[in-house]
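Input: a single structure, listed below in structure tokens.
Rule-based calculations on the coordinates, nothing more; no lab input. It should be emphasised that the depicted structure is a prediction, and the values quoted were computed from it without experimental measurement. Here the Cβ is made from the backbone with ideal geometry for all residues, glycine too, and neighbour counts use every protein chain on show.
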Amino acid sequence: MKNAQIMGYNTKRSFKAAPWIALACLVVPMFASYFFDDMFSTLSHLFENPSLLELGWNSADYGLYTSGYSVLCVFGGLVICGMLLDKWGVRITGSIFVGMMAGGAALVAWAITSGLAPKTSLRIAYIGCMLFGLGSEIAGVAVTRSIAKWFKDGPMAFAMGLQLAIARLGTAFALVMSPRLVAAKAPGEVYSLMETARPAFLGLGLMAAGMILWALFVAMDARFDRKDPSVASLPQDDSKEEQFRFSDVLGLLKNKQFIMIALLCVFFYSSIISFKKFASAILIPRFEVPVEAASWMVSMLPFSTVIFAPLFGIMVDKIGKGTRWMVAGAILALVAHVLLAFAPAGVPFYGYMSMVFLGFGYSLVPAAMWPSVPKLVPAKVLGTAYALIYWIQNLGLMLFKMFAGNILADREAAPGAVAVEIMFVTVCVIALLLSIGLRRSSAKKPELRLDAPSGK
């Protein structure tokens, strides 16, 4: 009953239901965002032969387009908007950027079908991807901050893991559906603009559903704050001591453990998200599999997180040891990329095995990493803290996507795939060293509670 009173509801039953209904509303915009972001991942091989695309983009163009996601995020947008999130709250800021996410996606879809010259359509799509990227990232910060609020003193790690799992189903849906929406053609046949854009239009439909559910969440969150002002979002809190101040950002930058988590985030996620963008261009030449097999192979990543991210979240909630799970996840990612780079060519078994390892790592590290942030920073700057982490993450993603695209464009298929994987192996080694550093820091400073179970 105590928890029901904390959440501002009269019965234990309503307490149990309300946060999960809110979570259900929050995950759909993220599902749509993940789908749209990964809609070309299992079609990336098409850009190796631009003469077969009416769109006319090559691998370097595609790499440039995907890097657009991070441009506004990197050049100040994420940090500034994270501060706005702490000043204005999730309802106002989140609504603005969920709308920006959908608007940017619509601009991308229009550019692909516009019939303009390849470089012109690329520029417009690049701008659309920039808007989509900033909107998606701030929407993601708003969602994470909202979960931290609604599940305070509850199963926060499980809720965050479940949100990640369902959002990554959007990636899985894209990886499996896109090759079916843009079906393989006979040699020499050209893919039309409308055929190429089919995944984009499906993504826009998903975003429309996400915007409706986001509006429902906004109404729920406003009611939440009216019922219990003591746990209302900080911008509406009258307590001057808890109000956000811009000087608080400097405290984040002096927090060694926070900086280590931010760096771990950029290198770990770069080894997976940047890989997914070029998955078919790597897996097909390395293991000599058809497009359909490559799409199923890489779809093992998000499908595995659907099962294991919530389970690992429960594990972190119940037994803690978060930094140990970060180390374990980084090791698994490193093993996966070593297999992708150096396993015998033409043997699909090694491709599937690498995806299993990468999927486990992709579930372990985020399940332990994201719930650690509220332990390190005060709630009044939590939005800014997540925004700073997303900012440095997007800096790495932008650079590594461009590097991967240029490597593949400058080499034959098989040598290019190996060269890209060597880059990812290096990235994983750095991520592993950072996770070990966090583990040692937690052992020296147990008062940080990085390895403590949730709520203890």
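Adding -39500 (n - 2.57) for every DSSP H run of four residues or longer, then dividing by how many residues the chain holds, sets the calculated 222 nm ellipticity at -26000 deg cm²/dmol. Placing dummy labels 7 Å off each Cα toward the beta-carbon, the span from ALA345 to ARG223 is 6.1 nm. Sequence-ordered 3J(HN,Hα) estimates for segment 269-279 from the Karplus curve with 6.51, -1.76 and 1.60 and θ = phi - 60° stand at 5, 5, 6, 10, 5, 5, 4, 4, 4, 10, 4 Hz, glycine and proline given as x.
Extending 7 Å from Cα along the Cβ direction at VAL356 and again at ILE314 yields two label points whose distance is 2.2 nm. Counting only Cα atoms, the size of segment 323-456 along its three principal axes is 52, 27, 21 Å, in decreasing order. Annotation: average projected area of segment 378-456 is 7.1 square nanometres, based on the convex hull of Cα atoms across all directions. Computed across the chain, the Kirkwood radius stands at 22.2 Å (inverse of mean 1/r, all Cα pairs). Under 12 Å from a label point 7 Å along Cα→Cβ of LYS256: give me every residue in segment 360-390 with its amide N that close. Inside the label zone: nothing.
Computed about its Cα centre, the charge dipole of the chain is approximately 1560 debye, with only Lys, Arg, Asp and Glu carrying charge at their Cβ. Loop-located trypsin sites (Lys or Arg not before Pro) across segment 248-302 with a Cβ neighbour count of 16 or fewer within 10 Å are LYS254, with loop assigned by DSSP.
Here's how it looks for TYR191: its modeled amide H is under 5 Å from those of LEU53, GLU54, which are all 5 or more places away or on a different chain.
Structure note, pairs LYS380/LYS445; LYS87/LYS375; LYS149/LYS276; LYS87/LYS254; LYS87/LYS152; LYS152/LYS254: Cα-Cα distances above 29 angstrom occur for LYS149/LYS276.
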